[in-house]
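Here's the structure we're looking at; comments come further down.
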Amino acid sequence: MTNAGPQTAHDYAAPPPDAAAAPGGARDLLLAAASAVMREGDLVDISLSELSLRSGLNSALVKYYFGNKAGLLTALLDRDMAEIVRSVDALVAKGDMAPQDKLRHHISCCIDTYYRYPYLNRLLMRLVRDSDDAEARRIADKYLRPLSRAYDQLIGEGVKSGVFRPIDPQMFYFTVSGAADRFFSARLVLRHCFGQDSLTEQLRDRYREHTVDFIMAGILAD
């Protein structure tokens, strides 16, 4: 059964008794704590008790700020996906940057974002799957369609200028998001096959360089 997505503001609970004593930025603190727990545990879920322990806040504040746990997860997705959309929109608008440099920069930013939020694609798929049609369309319209349009334009610019061979922008989206998601959500593979138990900055940098070079080699015309 699907849920109804995040609640509207008038559905939220009245402030709990200690809401007035909550520190400034309590809403952002809850999101940061949820993100940290999901990243460290390689999860796309969180218990309210664990969130309370990590944030030092009363779990009743989740209902106050977000309506329910689904609302918290949706707010977390909104926070994290906005970084990717803002980045790609800024690249599309840059008129003084070569298409191949735009794409290299975008892929690099995607790797960095998934390093910070390795749960991102799994959270996106979970919320699209579990939400009602209206909320699933909202997520698609706010994040997936803008990325698709940006890829159409970025790749089209490169093809027109002769630096890219013609490729399917839709397939490009799955290539980039899949490459970022698969690596940073594969901690058990790293641990048991390669003896690495953490996603370090050095590992991120190696993977960023590898992924950018690998994908660009497949799209460049020469």
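Every number here is computed from the coordinates shown, using simple stated rules; none is lab data. Not measured: the values here are computed from a predicted model. Virtual Cβ from ideal backbone geometry, glycine too; neighbours counted across all protein chains shown.
Can you tell me which residues in the stretch 26-70 are among the charged types (D, E, K, R) and closer than 26 Å to PHE184 by Cα?
ASP28, ARG39, GLU40, ASP42, ASP45, GLU50, ARG54, LYS69
Considering the stretch 92-139 alone, what residues qualify as being of a type in the set (A, V, I, L, M, F, W, C) and closer than 26 Å to ILE219 by Cα?
VAL92, ALA93, MET97, ALA98, LEU103, ILE107, CYS109, CYS110, ILE111, LEU120
Kindly provide the set of residues from the stretch 160-182 that are closer than 16 Å to LEU124 by Cβ and either surrounded by 18 or more Cβ atoms within 10 Å (Cβ to Cβ) or in contact with a His (Cβ under 7 Å, 6 or more places away or on another chain) (or both), ordered by number.
Once the filter is applied, which keeps residues that are closer than 16 Å to LEU124 by Cβ and either surrounded by 18 or more Cβ atoms within 10 Å (Cβ to Cβ) or in contact with a His (Cβ under 7 Å, 6 or more places away or on another chain) (or both), the stretch 160-182 yields VAL176, SER177, ALA179, ALA180, ASP181.
Of all residues in the stretch 32-57 being not polar (S, T, N, Q) and not in a helix (DSSP H, G or I), which is farthest from ASN68 (Cα to Cα)?
ASP42
Within the stretch 121-135, restricting attention to residues that are in contact (Cβ under 8 Å) with a residue 24 or more places away in the chain and either outside any helix (DSSP H, G or I) or among the aliphatic types (A, V, I, L, M) (or both), which residue is farthest from SER87 (Cα to Cα)?
Selected residue: ASP132.
Could you look through the stretch 98-126, keep only residues that are touching a helix residue (DSSP H, G or I) at 6+ places or on another chain (Cβ under 6 Å) and of a type in the set (Lys, Arg), and pick out the one that is surrounded by the most Cβ atoms within 10 Å (Cβ to Cβ)?
Restricting to residues being touching a helix residue (DSSP H, G or I) at 6+ places or on another chain (Cβ under 6 Å) and of a type in the set (Lys, Arg), the top hit is LYS102.
With the requirement that a residue be of a type in the set (Ser, Thr, Tyr) and over 15 Å from the mean Cα position of the chain (by Cα), what does the stretch 57-112 give you?
Of everything in the stretch 57-112, those that are of a type in the set (Ser, Thr, Tyr) and over 15 Å from the mean Cα position of the chain (by Cα) turn out to be SER59, TYR64, TYR65.
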